[in-house]
Amino acid sequence: MDSFILREEDYAIRIIVFLATVGRQVKTDEICKSLYLSRPIVVKIINKLKSGGFIVTKTGKDGGLTISESTPEASMFDILSCMGFTGKVNACTSDHAACQLLPICKINRLFGDIQREIEERLKRAKIKEFLFNGNELFTKSNSMQEV
């Protein structure tokens with residue numbers, strides 16, 4: 001495992017935060033351009049987020065994407081879970097039957113405490129707390145395109 005939070009999970013959070021920041025309907029291409037992501041990965045993530053109820057899509061010429069009304073109150077954990085996040089620190093924190101030393105294992109307790117702390121922090125972290133500064137986001141996006 002290269003990272004605790006997978007690339008697609010990270011991108012999903014960034015897409016949600018971007019949509020919450022702009023506060024209007026946007027096209028997939030605008031997300032790709034603004035967040036420097038490829039269209040195939042964005043479409044894949046959008047489908048999962050739509051299934052989870054975090055994104056509303058409208059098809060057709062005037063179509064696009066917006067976040068659902070409740071999404072700003074969603075937690076990072078909610079978004080990550082929608083994407084399939086498991087985030088297990090260690091196998092023994094999720095499968096106690098796999099650990100034969102469980103009754104006496106202090107290491108398991110440490111990993112379990114870390115696991116609980118991570119999950120609690122992710123559950124407390126609401127999307128609305130991570131909005132981009134809109135002016136900086138669009139200035140950076142435009143300056144990168146001019147280079």
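The values are calculated or read from the model by the stated rules, or taken from the named source; none is laboratory data. Because the structure is a prediction, the values reported are computed rather than measured. As a convention, Cβ positions derive from the backbone with ideal geometry for all residues, glycine included, and neighbour counts pool all protein chains shown. Protein only, heavy atoms only, side chains kept; ligands, DNA and RNA dropped before computing areas. Shrake-Rupley method; radii C 1.70, N 1.55, O 1.52, S 1.80 Å.
A few points about this structure:
- Cross-link partners of LYS61 among lysines, defined as those whose alpha carbon lies under 17 angstrom from its own and excluding same-chain residues fewer than eight positions apart: LYS27.
- Taking Cβ atoms as reference points and 12 Å as the exclusive limit, the residues near ALA12 contribute a net charge of +1, counting Lys and Arg as +1 and Asp and Glu as -1.
- When each of the peptides 67-77, 121-131 is scored by the mean number of other C-beta atoms lying within 10 Å of its residues, the order from highest to lowest reads 67-77, 121-131.
- Take segment 1-132 with all the other protein chains still there, run a 1.4 Å probe, and you get 60 Å² of accessible area per residue.
- Cα-Cα over 30 Å, subset of LYS48/LYS106; LYS50/LYS88; LYS58/LYS88: LYS48/LYS106; LYS58/LYS88
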